[in-house]
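**Student:** Pasting a structure here, questions to come.
What follows is calculated from the coordinates using simple rules that are stated; it is not laboratory data. Remember, it's a predicted structure, so these values are computed and weren't measured experimentally. Using ideal geometry, Cβ is built from the backbone for each residue, glycine included, and neighbour counts are taken over all protein chains shown.
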Amino acid sequence: MSARDNILARIRQQSGRIGATTEAEIVAVREHAAQHIRGPLPSIATHDPITHFVSECARLKTTTAEVASLADVPAEVARYIATQSLEKRCVGWHEFSPLNWSMAGITFDDRAANGDDLIGITGCFCGIGETGTLLLLSAPATPKATALLPETHICVVPKSRIVATMEDAFARMRDEIGEPPRATFFVSGPSRTADIEQTLVIGAHGPYRVHIILVP
């Protein structure tokens, strides 16, 4: 018996089951998983997800701003960059390349980020009001490096794609794309850790700053 089989056998024995897993048990588990039965939901499920999203973002030290249209995104990016005294050069997802970046005085590079890029601009699959979290899915047109490598991550989020709970996010992913992609990752504020002497360090494993721009 392999180490894996031994561990699973002990777990099964402690659960009051004898012998190997039967085919009927496997079928029952798969049927249960396919139903996607929800457990108890937090109170946010009955609140306005956008309002709660913004509130949670503030708690996580994620800054937010709202603009009237997608065309106003470059001006908001320029405003935010000015408040942080950053260089007006960004790298971003292809979907944002048609915006008028030059009018805002910004150099926009339509490519995936590398280790030298300081500002990355992305969208997201959806926002999660429960925790102020962004859900991003990897794909050739949505490289995750642009959200993870730069010191500053700016994310453009349509308000229509903010859902109430984590369960809602997974349900939308199943409805719209079926099976999740190779990389599914969550962004909840600037990267931080307190692993060393419980001292909070910002930007340990990713961006120092996260700024969200809400669009209609």
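**Student:** Would you calculate, for the chain, the mean residue ellipticity at 222 nm contributed by helices, counting each DSSP H stretch of 4 or more residues as -39,500 (n - 2.57) and dividing by all residues, to the nearest 500?
**Tutor:** -9000 deg cm²/dmol
**Student:** Also, I was wondering about something else. Residue by residue, what Karplus-based ³J(HN,Hα) values in Hz, rounded to whole numbers, does segment 142-148 have, using 6.51, -1.76 and 1.60 with θ = phi - 60° and x for Gly and Pro?
**Tutor:** Each residue of segment 142-148 in turn: 10, x, 5, 4, 5, 8, 9 Hz.
**Student:** If you don't mind, another one. DSSP beta bridges in segment 47-215, what fraction antiparallel, as a percent rounded to 5?
**Tutor:** 30 percent
**Student:** Taking every pair of alpha-carbon atoms in the chain, give the share separated by more than 23 Å as a whole percent.
**Tutor:** The calculated P(r) of the chain puts 55 percent of pairs beyond 23 Å.
**Student:** Simple spin-label model, 7 Å along Cα-to-Cβ: Ala82 to Phe186 in nm?
**Tutor:** 3.6 nm
**Student:** Going by C-beta contacts inside 10 Å, put Glu130, Glu66, Glu76 in order with the fewest on the left.
**Tutor:** Listed from fewest to most nearby Cβ atoms, that is Glu66, Glu76, Glu130.
**Student:** Ok, one more. Can you pull the semi-axes for segment 66-162, root of five times each eigenvalue of the Cα gyration tensor, sorted largest first, whole Å?
**Tutor:** Numbers: eigenvalues 76, 54, 34 Å².
Semi-axes, largest first: 19, 16, 13 Å.
**Student:** Could I ask something else about it? Cross-link candidates for Lys144: which aspartates and glutamates have Cα within less than 20 Å, leaving aside residues fewer than 8 places away along the same chain?
**Tutor:** In chain and number order, the partners are Glu95, Asp109, Asp110, Asp116, Asp117, Glu176, Glu179.
**Student:** For Thr22 and Arg174 in the same chain, what is the full-extension length gain: residue separation times 0.36 nm, less their Cα-Cα distance, in nm?
**Tutor:** Full extension of this stretch gives 51.9 nm more.
**Student:** Determine the gain in length on full extension of the stretch Asp72-Met1; use 0.36 nm per residue of separation and subtract their C-alpha separation, reporting nm with one decimal.
**Tutor:** Working: separation 71, 0.36 × 71 = 25.56 nm, distance 6.29 nm.
Fully extending the segment from Asp72 to Met1 adds 19.3 nm.
**Student:** Once Rh for segment 97-149 is found with the Kirkwood sum over Cα pairs, what is the Stokes-Einstein diffusion coefficient at 25 °C and 0.890 mPa s, in µm²/s?
**Tutor:** It comes out at roughly 195 µm²/s.
**Student:** Using only the Cα atoms, what convex hull volume per residue in Å³ does segment 36-100 have?
**Tutor:** Working: hull volume 10.5 nm³, N = 65.
Hull volume normalised by residue count: 161 Å³.
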